[in-house]
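The values are calculated or read from the model by the stated rules, or taken from the named source; none is laboratory data. Note that the structure is a prediction, hence the values are computed from the model and not measured. All Cβ positions, glycine included, derive from the backbone under ideal geometry; neighbour counts span all protein chains shown.
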Amino acid sequence: MRHASIDPQYHSRYIGKTDLSISEQGLLEIERVKEVLPSKFLEGKVYLSPSKQCLETYNALGKHEYTNPELKEELKEFDFGDIEGHRLQDLTNENLSQFQEWGNFHPEFHFPNGEKILSFTNRAEKFINLIRSSENKNILIVSHGGILSLLLCIFLRLPSSSYLNFQILPSTIVLLELYQTGQVALTGFIRCNSQRRCEWPG
């Protein structure tokens, strides 16, 4: 699940490492999530990004007394470095050429003072190995649009560069079924957000 919506002033801005509170709209979204999220996931194993928006989202869902959520650094959003907080229309031509390189998804690419693509994909792979080795049957992940899209690509055996083709709205639930054979099926995509388009990252 992607965390609930943040304040509209941050929409269309590249938000990766910045900690932000969820908005009033986000709290309304979570009420909808409560109606559709199977309770078994709140009662099972829970992994969270350590960001403020993810912690607030999980807390607003209501904790189960037997659940001990685990914070995972691997679930942090991509670090945009000097691009952090900027809108696409505010960027210089030099910045825009960097975005083209980002789209090419070369492992060594990074925005100035930001995270390398290789680091981003490595931590996603590390987290997926954790999930595959887990004995827990029901797992809830609360994280960010970019890393969730990358995890989805890896689970579905799509090229990692395809993660830019996924736009997971805030408070969207993605349901996957993992089989002992290693196969993964996408079994549900539940949108609990009224936005017409996705503001990602954030």
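Odds and ends about this structure:
- Here the condition is being among the polar types (S, T, N, Q), on the phi > 0 side of the Ramachandran plot and exposed (fewer than 12 other Cβ atoms within 10 Å of the Cβ); of ASN113, ASN136, it holds for ASN113 alone.
- The stretch 42-69, subset modelled with pLDDT of 95 or more and assigned to a loop (DSSP other than H, G, I, E, B), residue nearest to ASN136 (Cα to Cα): SER49
- Selected residue (criterion: farthest from TYR10 (Cα to Cα)) from residues of the stretch 147-182 that are of a type in the set (Gly, Ala, Ser) and modelled with pLDDT of 95 or more: SER149
- Failed condition for LEU175, given (1) in contact with a strand residue (DSSP E or B) (Cβ under 9 Å, 6 or more places away or on another chain); (2) of a type in the set (A, V, I, L, M); (3) in contact (Cβ under 8 Å) with a residue 40 or more places away in the chain: (3)
- The single condition among (1) on the phi < 0 side of the Ramachandran plot; (2) touching a residue at least 12 places away in the same chain (Cβ under 8 Å); (3) of a type in the set (Phe, Trp, Tyr) that PHE105 does not meet is (1).
- Selected residue (criterion: surrounded by the most Cβ atoms within 10 Å (Cβ to Cβ)) from residues of the stretch 139-162 that are within 11 Å of the chain's Cα centre (by Cα) and assigned to a helix (DSSP H, G or I): LEU150
- Some residue of the stretch 96-103 being of a type in the set (Ser, Thr, Tyr), assigned to a helix (DSSP H, G or I) and surrounded by fewer than 16 Cβ atoms within 10 Å (Cβ to Cβ): yes
- Consider the stretch 186-202 and keep the residues that are modelled with pLDDT of 85 or more and either basic (Lys, Arg) or assigned to a strand (DSSP E or B) (or both). The one that is farthest from ARG157 (Cα to Cα) is ARG191.
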